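The values are calculated or read from the model by the stated rules, or taken from the named source; none is laboratory data. In this text the structure is predicted, and so the values were computed from the model without any measurement. Cβ placement follows ideal geometry from the backbone for every residue including glycine, while neighbour counts extend to all protein chains displayed.
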Amino acid sequence: MKAKVMGKGTIKLISAAVNIAVLTMMVLASAFAGYALWDSKQLYQAADKSKYTVYKPSLADEGKSFKELQALNPEVFAWLCVYGTNIDYPVTQCEDNMKYVNTNAEGLYSLSGTIFLDCDNSGDFSDFNSILYGHHMDKQVMFGQIGEFADEDVFDSHQYGSLYYEAQEHGIVFFAFVHTDAYDGAFFTANVEPELRQEYLDDLLGKAIYTRDIGITIEDHIVLLSTCSSTSTNGRDILVGRIDSETYEDPFINTENNDIIEPTGVDSRGGYSWWLTPWALIGVLIAIAIALVLVIHYRSKHKEGKSK
């Protein structure tokens, strides 16, 4: 009899330990889910273009606010805008192509990074081809909308942009959209040598999904907006434009058409935060499931106790 009582006591102790363990897991899962959602929100807020609006250069104020941003981070030297999208950001450059993968325009650590010019390019965009990199992120931030130019209607309706540098605004007319591989060295060679420029341009136009005839030649200066692609492993989407001395009117300036392009997937270069959002949802679902199981379990125990 004594052994039987001890056995029941042991079972109750084990049951209590299991319940505590389950409750602990539920609390931890909920805490993780909450943190993941908070962290994800912080990531996208840090990358939102509105964070930098106050710094946007203006010829009216002679770039006073832009100079304030440069005072925070001297490696900021330009400003890029693609009309009709949320791509409206300062541009940085340093001695390598790694720093601004996880550093924002104010020079602070951030998984969203910032838009940056290839370290082998000249900061005055005088090279034949200049390459700008940015993370492919959800919620239409950074270069998250570049991949949407794979839609022909988007490519056709979004022809222009602007590039501010050396205290002057320049126009951009986009003439090609290319989907390629990250290891295609032909595209990611900055400042192509004169004797190779025609081959580079022919290869670019030959591989482009869409092109626009603007009379592009090797005497022009082109800019490539490059980001990761959500449609293939190691894929890269590139929007290519010509830098012009003349500027172009923004046809979307008085409309809400910035929202016509739907957001796409998150760039794996964004660090660990790319998986936080789905795991956050899974954590919440697990927490709810565990809570339901525990409620059913304790109700069943309560009924058993009453029946006895």
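General remarks:
- Scanning the range 190-209 for residues that are closer than 23 Å to GLU246 by Cα and buried (at least 16 other Cβ atoms within 10 Å of the Cβ) yields a total of 1.
- Checking each residue in the range 122-157 for being under 20 Å from PHE175 (Cβ atoms) and touching a Leu at 6+ places or on another chain (Cβ under 9 Å) picks out PHE125, PHE128, ASN129, SER130, ILE131, LEU132, TYR133, GLY134, PHE143, ILE146, PHE149, PHE155.
- Residues that are in a loop (DSSP other than H, G, I, E, B), assigned by TED's automatic domain parsing to the domain that holds ILE218 and more than 30 Å from LEU196 (Cα to Cα) do not occur anywhere in the range 123-132.
- The set of residues in the range 223-248 being part of a loop (DSSP other than H, G, I, E, B) and either free of Cβ contacts under 8 Å to residues at least 24 places away in the same chain or under 19 Å from ILE115 (Cβ atoms) (or both) consists of SER229, SER230, THR233.
- Residues in the range 118-147 that are of a type in the set (Phe, Trp, Tyr) and either within 17 Å of VAL91 (Cβ to Cβ) or surrounded by 23 or more Cβ atoms within 10 Å (Cβ to Cβ) (or both): PHE125, TYR133, PHE143.
- Hey, VAL192 among the β-branched types (Val, Ile, Thr) and farther than 23 Å from ILE87 by Cβ or not: yes
- Restricting the range 195-222 to residues that are free of Cβ contacts under 8 Å to residues at least 24 places away in the same chain and of a type in the set (A, V, I, L, M) leaves a set whose member that is nearest to TYR160 (Cα to Cα) is LEU201.
- Where a residue in the range 63-88 is without any contact (Cβ under 8 Å) to a residue 24 or more places away in the chain and its partner, wherever it lies, is aliphatic (A, V, I, L, M), with Cβ under 6 Å and at least six apart: SER65/VAL54; GLN70/VAL76
- In summary, ASP138 fulfils each of the numbered conditions (1) in a loop (DSSP other than H, G, I, E, B); (2) more than 20 Å from the chain's Cα centre (by Cα); (3) not hydroxyl-bearing (Ser, Thr, Tyr) with the single exception of condition (2).
- Put simply, of ASP184, ASP153 the only residue that is of a type in the set (Asp, Glu), in the same structural domain as ILE243 (by TED's automatic domain parsing), free of Cβ contacts under 8 Å to residues at least 60 places away in the same chain and within 26 Å of CYS94 (Cα to Cα) is ASP184.
- Complete set of residues in the range 71-101 that are buried (at least 17 other Cβ atoms within 10 Å of the Cβ) and outside any strand (DSSP E or B): ASN73, GLU75, TYR83, GLY84, THR85, ASN86, ILE87, GLN93, ASN97, LYS99, TYR100, VAL101
- Complete set of residues in the range 68-120 that are within 17 Å of HIS136 (Cβ to Cβ) and in contact with an Asp or Glu (Cβ under 7 Å, 6 or more places away or on another chain): ASN97
- The conditions of being buried (at least 18 other Cβ atoms within 10 Å of the Cβ) and either outside the structural domain of MET142 (by TED's automatic domain parsing) or of a type in the set (Lys, Arg) (or both) are not met by ARG212.
- When PHE143, PHE175 are checked against the criterion of being under 30 Å from GLY215 (Cα atoms), assigned by TED's automatic domain parsing to the domain that holds ALA78 and touching a His at 6+ places or on another chain (Cβ under 6 Å), PHE143 stands alone in meeting it.
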